[in-house]
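> Next up is a structure, given as structure tokens.
The values are calculated or read from the model by the stated rules, or taken from the named source; none is laboratory data. Keep in mind that this is a model prediction, so the values were computed, not measured. Methodologically, a virtual Cβ is constructed for each residue, glycine included, from the backbone with ideal geometry; neighbour enumeration extends over all protein chains shown.
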Amino acid sequence: MSFRIGIDIGGTFTDFALLEVGSGRLVIHKQLTTPADPSEAVLSGVPALLAKAGSDIGVVEAVVHGTTLITNALIERKGAVTGMLCTAGFMDVLDIGMERRYDMYDLRITYPDPLVPRQLRREVDERMLAGGRVGTALDLESVAATVEKLVEDDGVEALAVCLLNAYANPAHELAIADIVRKRFPALYISTSADVFPFIREYERWTTTTMNAFTQPMFDRYLDRLEGGLEALGFKGSLYIMTSSGGTVTPQTARRYPVRMLESGPAAGVLVSAHLGALLAQPNMLAYDMGGTTAKGALIRHGAPLKRYEMEVARTHDFKMGSGLPAKIPVIDLIEIGAGGGSIADVDIRGMIRVGPRSAGADPGPICYGQGGEQPTLTDANLLLGYLSADFFLGGDMALDTDHTKDVVGRVLAGPLDVSEARAAWGIHETVNEDIARAFRNHASERGFDYRGCAMVAFGGSGPVHAARVARKLRVPTVVFPVGAGVASAVGLLISPLAFETARSERVALEDLTAEDLAARFAPLVEEVSDYLRPEGIAEDEIRVSRWLDMRYRGQGYEIEVSLPDLHGSELLAALPSLFAEAYEAVFGRSFDQEPIEIINWKVEAAGPRPIGDGHYRLDVAPGPQALKGTRLAYFPEGDGFVSCPVYDRYTLAVGARFTGPALVEERESTCVIGVGDRAVIDDLGNLIVQTVQQEALS
């Protein structure tokens, strides 16, 4: 038998999953992340995982890796010294930005500084016209002299080449990249027309600077990872997860590190969609909560919602508009600055505030005993009885309850004049409400009614909070999948090889012929397919998806239209009705007589899913009996601490049923079942919980 390994590096923990291809046997592992060098946790965790499975690395055919390394580097500004070349007269585009206030009435708002400071930007005398014709020729010798000064005088390690109309014709950017690579072979170069050739220069340029800023660091990281895996005896293929839910080779990942911004969280959404298909639930909420952040995504008609933009390094309470925009294909995630390591304190109003600051893996929460002295959500969940001090990580990591209680009492309970338990509940409930509010906003903005669907809860902290959040949202069903604590690592195992690209070209629909339509898509299909062919994927196994960004003439922004499997005149004839349908879904009406234009052309090529449509089973040693005992845990419906049964998740048999309050423990997480909630283990081993709605409790 052959094996695949999924590895997801988070801010606090690194998760591992090993799948035996064919049988569906799944072995999982979790350990603390090593922030100074995340590859250390990977290279020590892989042997530990294989030892659990009783396997040798020689039978591993693929390692699939997801990481928040790029996101963290941008937030912490731990990237390369980066220079920038831009069209003359446009040096200040990065400072001007969108000229949009994310809070109309706050006079103190701030924006993140550009990744390339003004003193490292240089103007280039050139002009490619919007139609793609050369307006001002490019002087390559002048460009080379400019770059030489950036390298020798300013110590630039990476270069972002950002020309105004390169999306229409990349010839000048390609010429600059060619001469610079020849004269400065050690310099990392990113060109905007290659990274993502969208029409709007600010977003295109910020994305390109992100790519350049993180390229040297990510290249070195992948070198260490590949070398370390090779030293362990690994001879299979290494793949990296992208933000859009596909995997790419290390060579592609080195070229486009900006596409790895949300690689780990995207994998969790994929496993939720996979689970929805198995459960015949086409519409779902995916809820992931780890040590640093919580994330949510919507799954509609069996597929995660996607978009082509996201923001990084938001400066103001995760508020949209306060970060750096990135134009990349990405699963549509909402992010909340709340996780197990989120720090709690008392704000100026005398109220409990949780996050977005995090204790991370080092020093971590107080209860980890690694020097942390600031109360966190994990500390609160320990004091509330939801976590076991003796069974955290299956007993491999003992938690310090006494010191945690002392610090929470001194920092929170004392100033608020409440008990330690009430202070801990305040932390827990504050996070629940923050998550529920974020889900409400995210879903309403996309016209998604979640009240009749199911929530899939995963991550180290997600199962602790999911049932309570579902009650607030009036979501009737919560699914805790097999291996919920490491679901993102499992999602990596089912992610196909895939690549997406897009081109901006403004075309009036009335001027378009069927031949023009095919001619514009053909090179994009060929380009994305070329990323899959070297990996041995046959032509008949490559699935191609196409989209168009369309708008009514005169509008400033466009709407994405997914194209069916039609071609030629048949597809062209369907475009007006397809656009009207998409427009009505957003705005409630359409305007049939208005002329339509196409702005962006998008294509994705994806290979087959590595495990097809099958399911997997967790290979763990169950305890002697499902009921492990009882523990006091805090439930306000029970007027405080209640004696709760504690179940071994691995021993619960298919068909087992019980009613909350209850705690279901697995090595990587704990599922908290609320008062009156009804739980059952389904045929696939998932824990399915029917929640009691708020009105039934009042």
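> When the residues of segment 635-685 are narrowed to those that are of a type in the set (S, T, N, Q) and in contact with a helix residue (DSSP H, G or I) (Cβ under 9 Å, 6 or more places away or on another chain), which ends up surrounded by the most Cβ atoms within 10 Å (Cβ to Cβ)?
669
> Pull out all pairs, ordered by first then second residue, where Cβ-Cβ is under 8 Å, the residues are six or more apart or on different chains, the first lies in segment 358-382 and is without any contact (Cβ under 8 Å) to a residue 24 or more places away in the chain and more than 20 Å from residue 41 (Cα to Cα), and the second is aliphatic (A, V, I, L, M) and in a helix (DSSP H, G or I).
372/366
> Next question, about the same structure. Please specify each residue of segment 321-337 satisfying the condition of being under 16 Å from residue 75 (Cβ atoms) and either among the acidic types (Asp, Glu) or in contact (Cβ under 8 Å) with a residue 60 or more places away in the chain (or both).
322, 323, 324, 325, 326, 333, 335, 336
> Confirm whether residue 343 is buried (at least 17 other Cβ atoms within 10 Å of the Cβ), over 30 Å from residue 604 (Cα atoms) and without any contact (Cβ under 8 Å) to a residue 60 or more places away in the chain.
Yes.
> Being buried (at least 23 other Cβ atoms within 10 Å of the Cβ) and within 25 Å of the chain's Cα centre (by Cα): is that true of residue 26 here?
When the stated conditions are applied, residue 26 passes them.
> Quick test of your reading of the structure: residue 42 fulfils all but one of (1) within 17 Å of residue 483 (Cα to Cα); (2) crowded, with 22+ Cβ neighbours inside 10 Å. Name the failing condition by number.
Single failed check for residue 42: (1).
> Report, by residue number, each residue of segment 58-70 that is crowded, with 24+ Cβ neighbours inside 10 Å and part of a helix (DSSP H, G or I).
70
> Does residue 55 satisfy the criteria of being buried (at least 17 other Cβ atoms within 10 Å of the Cβ), outside any loop (DSSP other than H, G, I, E, B) and of a type in the set (S, T, N, Q)?
No, not satisfied.
> Only one of these is closer than 30 Å to residue 382 by Cα and modelled with pLDDT of 95 or more: 626, 621, 633. Name it.
633
> Looking at this structure, is residue 482 in a loop (DSSP other than H, G, I, E, B) and more than 19 Å from the chain's Cα centre (by Cα)?
Answer is yes for this residue.
> Would you tally the residues in segment 529-572 being more than 22 Å from residue 200 (Cβ to Cβ), among the hydrophobic types (A, V, I, L, M, F, W, C) and either free of Cβ contacts under 8 Å to residues at least 12 places away in the same chain or not in a loop (DSSP other than H, G, I, E, B) (or both)?
Qualifying residue count for the region: 5.
> Can you tell me which residue within segment 87-143, out of those that are within 22 Å of residue 211 (Cβ to Cβ) and of a type in the set (D, E, K, R), is surrounded by the most Cβ atoms within 10 Å (Cβ to Cβ)?
It comes out as 126.
> Could you list all residues from segment 127-156 that are within 36 Å of the chain's Cα centre (by Cα) and either over 19 Å from residue 170 (Cβ atoms) or modelled with pLDDT of 95 or more (or both)?
Matches in segment 127-156: 147, 150, 151, 154, 155, 156.
> If the requirement is being assigned to a helix (DSSP H, G or I) and more than 15 Å from residue 407 (Cα to Cα), which of these qualifies: 340, 355, 394?
Unique residue meeting the criteria: 394.
> Which residues, taken from segment 499-518, are assigned to a strand (DSSP E or B) and touching a helix residue (DSSP H, G or I) at 6+ places or on another chain (Cβ under 6 Å)?
Selection gives 499, 501.
> Same structure again: I'd like the full set of residues that are within 17 Å of residue 204 (Cβ to Cβ) and at pLDDT below 95, limited to segment 51-88.
Within segment 51-88, 74 is the sole residue that qualifies.
> When the residues of segment 433-475 are filtered to those that are in a loop (DSSP other than H, G, I, E, B) and out of contact with any strand residue (DSSP E or B) (no Cβ under 7 Å at 6 or more places or on another chain), which remaining residue is farthest from residue 487 (Cα to Cα)?
447
> Test each condition in (1) touching a residue at least 40 places away in the same chain (Cβ under 8 Å); (2) farther than 30 Å from residue 303 by Cβ for residue 219 and report the one that comes out false.
With (1) touching a residue at least 40 places away in the same chain (Cβ under 8 Å); (2) farther than 30 Å from residue 303 by Cβ applied to residue 219, the lone miss is (1).
> Name the residues in segment 491-531 that are in contact with a His (Cβ under 9 Å, 6 or more places away or on another chain) and closer than 20 Å to residue 668 by Cβ, would you?
491, 492, 494
> If you don't mind, there's one more thing I want to ask. Here are some conditions: (1) in contact with a His (Cβ under 8 Å, 6 or more places away or on another chain); (2) surrounded by fewer than 18 Cβ atoms within 10 Å (Cβ to Cβ). Residue 540 meets all but one. Which one does it not meet?
(1)
> Within segment 294-315, how many residues turn out to be part of a strand (DSSP E or B) and among the small types (Gly, Ala, Ser)?
4
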